[in-house]
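Novice: Can you keep this structure in mind? I'll have questions shortly.
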Protein chains: 2
Amino acid sequence: MPTIQKSYAPNARIVPTSKADDPSEAENPYGWGFKDTEFQALDNGNIVLTGNRYNISGIEMPRLLGWMGGQLAMPLRWNDVAEVRPVLPSAPREAAGFLKSLSGVLAPDQIATDPETRLRGGHGHTGEEIYHLFFNRIARVPDMVVFPQDHEQVVAIVRAAAEHGVCLIPYGGGTNVTSALACPENEERPICSVNMQRMNRISWIDPVNRTAEIQAGAMGRKIMAELAEHGFTMGHEPDSVEFSTLGGWIATHASGMKKNRYGNIEDIVLDMTVVTPDGTLSHHSVVPRESIGTDVRKWIFGSEGMLGIVTSAVVKLFPRPGVQRYGSIIFPGFEKGAAFLYDVALSGLVPASVRLLDNTQFHFGQALKPAAVGLAKVKSAVEKFVLERVKGFHLDRLAVVTLVYEGTAAEVAMQERNCATLAKRHGGMQAGPENGERGYSLTFGIAYIRDLVFRHHMMAESFETSVPWSAVVELFARVKARAHKEHAARGLPGKPFITGRVTQIYATGVCCYFYMGFYAKGVEHAAETYLEIERAVRAEILACGGSLSHHHGIGKIRDVFLKDIQSPAALTWLKKTKVALDPKNIFGAQNLGLSADALARAANGEGRV
Amino acid sequence: MPTIQKSYAPNARIVPTSKADDPSEAENPYGWGFKDTEFQALDNGNIVLTGNRYNISGIEMPRLLGWMGGQLAMPLRWNDVAEVRPVLPSAPREAAGFLKSLSGVLAPDQIATDPETRLRGGHGHTGEEIYHLFFNRIARVPDMVVFPQDHEQVVAIVRAAAEHGVCLIPYGGGTNVTSALACPENEERPICSVNMQRMNRISWIDPVNRTAEIQAGAMGRKIMAELAEHGFTMGHEPDSVEFSTLGGWIATHASGMKKNRYGNIEDIVLDMTVVTPDGTLSHHSVVPRESIGTDVRKWIFGSEGMLGIVTSAVVKLFPRPGVQRYGSIIFPGFEKGAAFLYDVALSGLVPASVRLLDNTQFHFGQALKPAAVGLAKVKSAVEKFVLERVKGFHLDRLAVVTLVYEGTAAEVAMQERNCATLAKRHGGMQAGPENGERGYSLTFGIAYIRDLVFRHHMMAESFETSVPWSAVVELFARVKARAHKEHAARGLPGKPFITGRVTQIYATGVCCYFYMGFYAKGVEHAAETYLEIERAVRAEILACGGSLSHHHGIGKIRDVFLKDIQSPAALTWLKKTKVALDPKNIFGAQNLGLSADALARAANGEGRV
């Protein structure tokens, strides 16, 4: 338990009954998502998403592979599939003392050393990691995985790690795309993954003060479902919300698609409990806001498992919205769409989510549709005619805005009217709520496409940034040009796939999210080549005034840029603090580029960088 | 200059022309506020505020002293005035090496060692400090005051302090009420106050991205006036906004009265530049939001000058509101008013500011009115009749809500309608915009009352906290009961003065602000006695689930409670970080209760706590 008295627990608190896990929700250990869901190529060349979880599940898509091949200027054939053959890790390093000291604390089923479990603990969902998982091997994985069930067990694990020289890597949903979970190859100590997923309960709901304490290993879909039973939502819906966890959101400084209404993770979390090498960080009360000196809890946001393990947090609750509606608007071009977004951001009547898809993403969405037949075919042809002939839109230039409205009926009506007025100002044409809803639902099904295209010899990944408004249009142009330039410079086959969308709007700028990929058949070191190109594009982003990341974080694929975005003194602070607070480098997976030398000196108690 | 390249400065940036200080705005060196403004007792027993700056300036108030005396159950007589006699400090400690090394950097008029300047640098506006300033002496003051004019000069000052063993205390507006500026009596090094007020320019305004870079020493009234010329506001209006500075707001984690619309300081500041013992913290770009690891800039919020000196910050801008309106509503009692506030907070249509005054504060406001004559007298009598007879209100139980609405005409109209509907639900009666506006304007004039009542033998101070909604009513009752109990236990004369208001509302709770005082004539150690009672009341607040502070901060009057609000590990983190980042304790005024021993060891380079 936290070592400080928690005062004044209101009597009105509800303690929800805990639910057993649903075995039908088993996850795929060797790819994205649920085990029952996967894109498959049929003999007729069509693509289908198995299962029935998503809006595109079970629908035959005749155009997907062909369209993607056209983008790459290389054929993607339904029957030209690379074999996925994950390589299980060899025997783990010995950590007998560590395991013995935990044997009195953890039950046997809370410690795993089997190769499958260890392999899953050794990666997130970075494209590079998955490429190696599918076709090569993950260089190093944890030597063991532990599954604590309560706060005290986490305390015991951290204490044992300190005593026995074990490196700990906290594991939430394993959905990061920053290689944060990758085991340092030069780490000489045994590595233990601390899987938090059994700590997944809502401890209490306070319906008066609109707060809830939730264990850090709870996944987004469980949090949403259980809070909904009590009429509440936490409002945090990152694209990974099905599988990512509260602790992971805090550690990566996450952003949800509906942040306009509910805030980002730092706005939603009021308090947290964290196990560190010095013991437990906890606070005596949960209040809306305070000024109590520099607040150590704020240091945990974005700390990516470098300083400790979050075991629970108190979050704000919101009533579930009375009304939820979708919208979509087509603009003649990306610039017009961006100008619309700017006006919406400054209008004070901002929907829960507003996104702007570039032309390629619009066509990507079309390629995920079934073959149009009958009336749908006529409707589609008419729509195309209207777009191209009547309104002067061009199919190869238009951009699409999708919207989610949440709130009371009055709020939603007002936001809709406001968006309609502003859309007209920029030549937008309403494209209906169905297209908007489809766009948002696609977010979850589309995540499975990576595994499909990887099998079809494509290397691809997403990356994101945030920029001031004045840089948005220029950023998109420069990112695309740079991707093409780097692709050509390496003599890679065909053309690169590069597309982006604006996913978040603020008064002072936006978050931009890109997909980039290339045809990789016959390309040696495809994953490493991708990383090289992404880093070149990132340098371009930084030169445009963009950030190193809006919400994905740093991990091990962006740490080389830390010196470019902050002054030497800022980096010195990070390093000195890491050494002061974790002198034994117990949380050794994430080191901000801190040299092995400096860590060794720190571990020897020299306490300096 | 910051040592990292700032990228992508938009061409649209405006560089405002700098304005000379207005000599008519000279501040009172020995009390609150402007030199031309002071409450004075006239021979007829009436009180008047001199000058013409405020809504209550120049108005004779016949009831003020009598009403306050009634509250204290002790007579406050117009001609029974204690003599204010500030004691100038004796000669400063020598710091020849430090001053010599600065002589090439600072002009002679940027270094002051005269007793008046040093005395002002040695205190903020804590009641205890002012009591000692008026009637006793400030135990220790800085040995010199420096006035840097740019970032490089601050870098040079910090470097010289490190080299020559000088302790630095950053000074913004000197308005804190936490004794943050008090010089540690056991500090053996010379102490230098770093007065930031000459760094008061707006460096640039970016009207497209709605941001501005402002030097840290700029005072609120200057920032408001200069931004207004360009159609913008920063939206941050703490009660001290006339005199407090941007750097001070960051260092104290400040909150403005209109935070519902514009956010608190941590919501408004996007980037900052900070001089630390390790050099300058700076970042390469200003973006709306990012995930770049644990962000050292966030550590500065609330750091109270313990880790470095903020030299500038980039803040969000908002268009000046098209419409500003006020409102006031009378409720039959405090509980009804609190229930109304709760409904407003959860309604999603929250005015820029909502406050709830308890019954005593309502009467305090009445006591500041001139004698009612003619029609006003009739109106006042009629209002009283209506309140007491027709609506069933009781003058000794009612509570008052005041509101500020800002935004577009449509936004304001909607908020007003919403508040009117909710007020009816809780038995509220509209009391007109004039009373609302008067309440907010009083905030600034009323700040001068402390100096009046101190001269009339009263010891008084304010304190604040934040609590969940469910604790608000209980908190008010327990704070008042505890104040009475502690007052009685010490055998102090008469009765204590204790009154409070809710000043900020959030979805999850509120900020509560109290005034407490007692008749101190003949009371030995009145200031110390006040502090004892305040600490007892603070313990009561913590037991109610309240915070140590909502926005005032910790300073030297609440540091004894740090151990009660966070776990030992959290305190250890603060101490280890302080020692790692400021091993020589250059910023030695604020130490989180870190023992002199630990500091000595740290200064000896042992680097441990």
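Novice: For the protein assembly as shown, what number results from the quotient of the Cα radius of gyration and 2.2 N^0.38 Å?
Specialist: Taking N as the residue count of the protein assembly as shown, the ratio is 0.96.
Novice: Something else now. Could you please put B:Lys377, B:Lys575 in sequence from largest to smallest accessible area, using a 1.4 Å probe?
Specialist: Most to least solvent-accessible, the answer reads B:Lys377, B:Lys575.
Novice: For A:Tyr326, enumerate residues with amide H under 5 Å from its amide H, sequence gap 5+ or separate chain, H modeled in the peptide plane.
Specialist: A:Tyr405
Novice: May I ask you to report, in nm to one decimal and beginning with the shortest, the distances from B:Ser380 to the same position in the other copies, taking label points 7 Å along Cα-to-Cβ?
Specialist: List, nearest first: 8.0 nm.
Novice: Here's a follow-up. Kirkwood Rh over alpha-carbon pairs of segment B:152-203, then Stokes-Einstein at 10 °C and 1.306 mPa s: what D in µm² s⁻¹, rounded to an integer?
Specialist: The Stokes-Einstein estimate is 128 µm²/s.
Novice: Suppose the Debye formula is applied to equal point scatterers at every Cα of segment A:206-334; what is log10 I(q)/I(0) at q = 0.12, 0.14, 0.16 Å⁻¹?
Specialist: -0.48, -0.63, -0.80
Novice: Let me ask you something else. Lys and Arg at +1, Asp and Glu at -1: add these up for the other residues within a Cβ distance under 14 Å of A:Lys391 and post the number.
Specialist: +3
Novice: Can you list, shortest first in nanometers, how far A:Gln366 lies from the same residue in the other copies, with each label 7 Å from Cα toward Cβ?
Specialist: Result for A:Gln366, in nm, nearest copy first: 7.3.
Novice: Let me ask something else about it. Where Rh denotes the Kirkwood radius from the mean inverse Cα pair distance, what is Rg over Rh for segment B:67-200?
Specialist: 1.09
Novice: Going by average Cβ neighbours within 10 Å, how do the peptides A:311-318, B:18-25, B:495-502 rank, with the highest at the top?
Specialist: Taking the mean over residues of other Cβ atoms within 10 Å, the ranking is A:311-318, B:495-502, B:18-25.
Novice: Once you average over the residues of A:575-585, how many Cβ atoms of partner chains fall within 10 Å of each Cβ?
Specialist: For peptide A:575-585, the averaged partner shielding equals 4.
Novice: If I model a spin label as a point 7 Å beyond the Cα along the Cα-Cβ vector, how far apart are those points for B:Asn28 and A:Lys485 in nm?
Specialist: 6.3
Novice: Report, by chain and number, residues whose modeled amide H sits under 5 Å from the one on A:Lys521, excluding near sequence neighbours (fewer than 5 apart, same chain).
Specialist: none
Novice: Please list, by residue number, every one of the chymotrypsin sites (Phe, Trp or Tyr not before Pro) in segment B:431-483 that is coil in DSSP and has at most 16 other beta-carbon atoms within 10 Å.
Specialist: Here no loop site has a sparse enough neighbourhood.
Novice: What's the angle, to the nearest 10 degrees (0 to 90), between helix A:526-543's Cα axis and the longest principal axis of chain A?
Specialist: It works out to around 80 degrees.
Novice: I need the inter-copy label distances for B:Gly231: point set 7 Å along Cα to C-beta, values in nm with one decimal, smallest first.
Specialist: Here B:Gly231 shows inter-copy label distances of 4.4 nm.
Novice: Moving on. My understanding is that a pair violates if its Cα-Cα distance is over 31 Å; which of A:Lys258/A:Lys369; B:Lys369/B:Lys556; A:Lys298/B:Lys556; B:Lys379/B:Lys424 do that in this structure?
Specialist: Result: B:Lys369/B:Lys556 exceed 31 Å.
Novice: What fraction, in whole percent, of alpha-carbon pairs in segment B:372-485 exceed 21 Å separation?
Specialist: The answer is 62 percent, as a whole percent.
Novice: Follow-up. Toward the positive end of the charge dipole of the protein assembly as shown, about the Cα centre and with charges on Cβ (Lys, Arg +1; Asp, Glu -1), which of A:Thr273, B:Gly509, A:Val287 goes farthest?
Specialist: Sorting the options by dipole projection puts first B:Gly509.
Novice: Using Cα centres only, tell me the gap between segment B:88-102 and segment B:478-515 in whole Å.
Specialist: Measuring centre to centre over Cα atoms gives 43 Å.
Novice: Could you work out the helix-only [θ] at 222 nm for the protein assembly as shown, with each DSSP H run of four or more residues adding -39,500 (n - 2.57) and the total divided by the number of residues, to the nearest 500 deg cm²/dmol?
Specialist: Rounded to the nearest 500, the figure is -10000 deg cm²/dmol.
Novice: Continuing with the same structure: I want to check the label-to-label distance for B:Arg77 and B:Glu185. Put each point 7 Å from Cα in the C-beta direction and report it in nm to one decimal.
Specialist: For B:Arg77 paired with B:Glu185, the spin-label model returns 3.5 nm.
Novice: Short version: ³J(HN,Hα) in whole Hz for each residue of segment A:95-104, in order, from phi by Karplus 6.51 cos²θ - 1.76 cosθ + 1.60 (θ = phi - 60°), x for Gly and Pro, what are they?
Specialist: 9, 4, x, 4, 5, 5, 5, 8, 5, x
Novice: Turning to a different aspect of this structure: Between chains A and B, what is the buried accessible area in Å², counting both sides, with a 1.4 Å probe and ligands, DNA and RNA left out, to the nearest 100?
Specialist: 7300
Novice: So what are the three principal axis dimensions of segment B:372-432 from its Cα atoms, in whole Å, longest to shortest?
Specialist: Extents along the principal axes: 38, 27, 16 Å.
Novice: Then there's this: With r as the distance between the Cβ atoms of A:His525 and A:Ser90 and R0 = 30 Å, compute the FRET efficiency 1/(1 + (r/R0)^6) and round to 0.05.
Specialist: E between A:Ser90 and A:His525, to the nearest 0.05, is 0.85.
Novice: With the Cα gyration tensor of chain B in hand, give its eigenvalues times 5 under a square root as the equivalent ellipsoid semi-axes, listed largest first in whole angstrom.
Specialist: 39, 29, 24
Novice: Here's something else I'd like to know. Through the Karplus equation 6.51 cos²θ - 1.76 cosθ + 1.60, θ set to phi - 60°, convert the phi angles of segment B:415-426 into ³J(HN,Hα) values in whole Hz; use x for Gly and Pro.
Specialist: Taking θ as phi minus 60°, the curve returns 5, 4, 4, 4, 5, 5, 5, 5, 4, 4, 4, 10 Hz for segment B:415-426.
Novice: Could you tell me which of B:Pro493, B:Gly333, B:Ile586 has its Cα farthest along the dipole of the protein assembly as shown towards the positive end, charges placed at Cβ (Lys, Arg +1; Asp, Glu -1), taken about the Cα centre?
Specialist: Comparing the listed Cα positions along the dipole, B:Gly333 ranks first.
Novice: Taking amide H positions as placed in the peptide plane 1.01 Å from N, state which residues far from A:Met144 in sequence (5 or more) or on other chains have amide H under 5 Å from it.
Specialist: Those lying under 5 Å, H to H, from A:Met144 are A:Ile191, A:Ser193.
Novice: To continue, here is another question. Given a Förster radius of 56 Å and the C-beta distance between A:Glu60 and A:Ala162 as r, what FRET efficiency does 1/(1 + (r/R0)^6) yield to the nearest 0.05?
Specialist: Between A:Glu60 and A:Ala162 the formula returns 0.50.
Novice: Further question: When Lys and Arg each count +1 and Asp and Glu each count -1, what net charge do the other residues less than 12 Å away from A:Pro332, Cβ to Cβ, add up to?
Specialist: 0
Novice: When the Karplus curve 6.51 cos²θ - 1.76 cosθ + 1.60 is applied with θ = phi - 60°, which whole-Hz ³J(HN,Hα) does each residue of segment B:158-163 get, with x for Gly and Pro?
Specialist: 5, 5, 5, 4, 4, 6
Novice: If you average the alpha carbon positions of segment B:179-255 and of segment A:353-415, how far apart do those two centres end up, in angstrom?
Specialist: A separation of 48 Å, based on Cα centres.
Novice: Just tell me how shielded B:531-538 is by partners: mean number of partner chain Cβ atoms within 10 Å of each residue's Cβ, no decimals.
Specialist: 0
Novice: Also: Rolling a 1.4 angstrom probe over the protein heavy atoms, how many square angstrom per residue are accessible across chain B?
Specialist: The answer is 36 Å² per residue.
Novice: Another question about this same structure. Given 10 Å bins starting at zero, what is the percent of C-alpha pairs of segment A:269-354 in each, up to the one with the largest pair distance?
Specialist: 12, 29, 19, 25, 14, 2
Novice: Could you work out the mean count of beta carbons from other protein chains within 10 Å of each residue's beta carbon in A:546-558?
Specialist: What the average comes to for A:546-558 is 4.
Novice: Turning to a different aspect of this structure: Taking the Cβ of B:Glu242 as the center, what net charge do the other residues with Cβ under 11 Å away carry, scoring Lys and Arg +1 and Asp and Glu -1?
Specialist: -1
The values are calculated or read from the model by the stated rules, or taken from the named source; none is laboratory data. Computed from a predicted structure; not experimentally measured. Glycine also receives a Cβ, built like all others from the backbone with ideal geometry; neighbour counts cover every protein chain displayed. Remember, those area values only see protein heavy atoms, side chains included, never the ligands or the DNA or RNA. Shrake-Rupley method; radii C 1.70, N 1.55, O 1.52, S 1.80 Å.
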